[in-house]
């Protein structure tokens, strides 16, 4: 893995779905039953909650975190969706004429969604990974230690910001 020089997609055991994960490593099958295409908003190019305008065809996956203040929620782009689990809806109606990229979380509609009122909801649901790297050069020693003793070592991982070309 070349220590902290390389990144890879990783499933965070506490944050890997558009619904809340109630305990670490909760059964994915249980989580999939709670996922719906209306869980989280699609975002526009500026990272704001998207509203269809009849022209734009490209949108982005996002997740809104309520950090105790609904006035100032934290909105995060989702860059590594598990494409086979992604469901997209406009005003609750499931959409099929679109593509979702695994790398970047970009949603491209075949035809621009029709302009809606300011309350029109463009939403999604599904699973996702995050991009990580080893936290330091000693991480590989911990991996080897784990392999030799058959247990789990403390392997520090760091989330890496997504770099768009």
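Bear in mind that the values in this text are calculations on the coordinates, not laboratory data. The structure displayed is predicted, hence computed values, not measured ones. Note that we place each Cβ from the backbone using ideal geometry, even for glycine, and neighbour counts take in every protein chain shown.
Data for the structure
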| item | result |
| --- | --- |
| Pairwise label distance in nanometres, residue 101 with residue 49, each label 7 Å out on the Cα-Cβ vector | 2.6 nm |
| Protection proxy ranking, peptides 20-27, 102-109, average beta carbon neighbours within 10 Å, highest first | 102-109, 20-27 |
| Orientation-averaged projected area, Cα convex hull of segment 5-125 (nm²) | 8.7 nm² |
| Ordering of 110-116, 123-129, 32-38 by packing [mean C-beta count within 10 Å, highest first] | 123-129, 32-38, 110-116 |
| Extension gain, residue 84 back to residue 66 (0.36 nm per residue minus Cα-Cα distance, nm) | 3.8 nm |
| Per-pair calculated FRET efficiency, R0 = 22 Å: residue 34 and residue 94 via Cβ, rounded to 0.05 | 0.85 |
